[in-house]
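Working notes, structure below.
The values are calculated or read from the model by the stated rules, or taken from the named source; none is laboratory data. What you see is a predicted model; the values in this text were computed from it and never measured. Counting neighbours? That spans all protein chains shown, and the Cβs are built from the backbone with ideal geometry, glycine included.
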Amino acid sequence: MKWEGNRESDNVEDRRSDDGGGGGGGFGGGRSIGLGTIAIALVASYFFGISPTTIISLLSGGPVSQPQTQSQQAPGPRRAAPAEDRQTKFVRTVLADTEDVWTQIFRANGKTYAPPTLVLFSGATGTACGTGQTASGPFYCPGDRKVYIDLSFYQLMQQRFHVSGEFAQAYVIAHEVGHHVQNMMGIMDKVHSAERQMSKAQANAMSVRLELQADCLAGVWAFHANQARSILEQGDVEGALNAATAIGDDALQKQEQGYVVPDSFTHGTSAQRVRWFKQGVSSGEVKSCNTFEVKTL
């Protein structure tokens with residue numbers, strides 16, 4: 001991915017030298033939406049000593065029955081992360097690129113785009129949705145309109161799912177920004193309002209459509225960013241598709257338990273995630289991302 005030398009965003013809040021914590025004991029005050037929710041839940045017990053079901057329950061707004069580990073309750077002092085390291089410059093540049101693309105798209109439709117703030121943190125941090133933790137993976141909090149990411153997630157992508165490449169990492173950010181776009185368009189409020197009237201299985205199915213639309217919107221960003229700045233190199237799209245494949249609900253459930261439970265899907269299958277990202281990156285049109293009107297995802 002070609003990104004070096006491009007504009008860097010100022011809408012980045014670096015909390016990596018903070019002690020973490022803050023907020024409530026779970027997510028509330030606006031449901032958080034995260035690309036890595038299920039993926040990181042599956043590896044949380046190995047890396048962080050947290051039950052996967054606890055993480056999934058916490059992030060879906062359900063009750064959390066297990067206590068936090070000692071390391072979560074009392075995070076130790078952290079070394080301040082360099083503000084201008086390569087990875088920080090990378091996420092600043094990707095965020096700036098999403099700002100440029102979505103500002104242009106909104107303006108073309110007579111709207112004004114208000115970009116989200118991207119928060120870099122380590123371990124845990126306070127959000128308007130409660131306490132955000134590394135184990136939740138990257139997520140968007142509609143309550144404060146911020147995207148949260150612990151950059152160690154990129155190491156987990158490579159170690160656990162064998163997904164590497166900077167464009168795959170950019171896809172992660174673009175997906176969360178896609179949720180911000182949904183929030184600004186009023187889609188997220190409508191979905192969450194509808195979910196409150198549904199059964200668990202129906203609400204999960206609605207969540208899948210929301211997530212797949214964010215995948216498609218990430219593709220729309222990639223289309224326009226490449227047209228404007230020629231960011232894509234050979235293998236970049238394939239890398240993003242590999243990421244989408246690795247974190248499909250069916251792939252994760254097969255890896256964890258050997259079988260799948262479709263009614264419990266919240267993000268979509270590998271094939272669905274690939275299809276909708278490809279839809280966005282090939283069309284470049286927001287209207288092509290209406291996952292709520294199609295019968296077959």
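Tabulated values for the structure
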item: Cβ-Cβ under 6 Å pairs, at least 6 apart or on other chains, segment 93-121 side of a type in the set (S, T, N, Q), far side part of a loop (DSSP other than H, G, I, E, B); result: 93/3; 93/6; 93/8; 103/113; 117/11
item: Residues that are of a type in the set (Val, Ile, Thr) and closer than 17 Å to residue 140 by Cα, drawn from segment 190-241; result: 191, 208
item: Residue list for segment 103-135, filter: more than 22 Å from residue 92 (Cβ to Cβ) and within 15 Å of the chain's Cα centre (by Cα); result: 129, 133, 135
item: Residues of segment 90-135 that turn out to be assigned to a strand (DSSP E or B), buried (at least 20 other Cβ atoms within 10 Å of the Cβ) and touching a Lys or Arg at 6+ places or on another chain (Cβ under 9 Å), as a count; result: 5
item: Helices (runs of 4 or more DSSP H) wholly inside segment 220-285 that include at least 3 residues being of a type outside the set (Lys, Arg), out of contact with any strand residue (DSSP E or B) (no Cβ under 8 Å at 6 or more places or on another chain) and modelled with pLDDT of 80 or more; result: 236-246, 270-283
item: Leading residue by the ranking (surrounded by the fewest Cβ atoms within 10 Å (Cβ to Cβ)) among those in segment 177-201 that are within 15 Å of the chain's Cα centre (by Cα) and at pLDDT 95 or above; result: 183
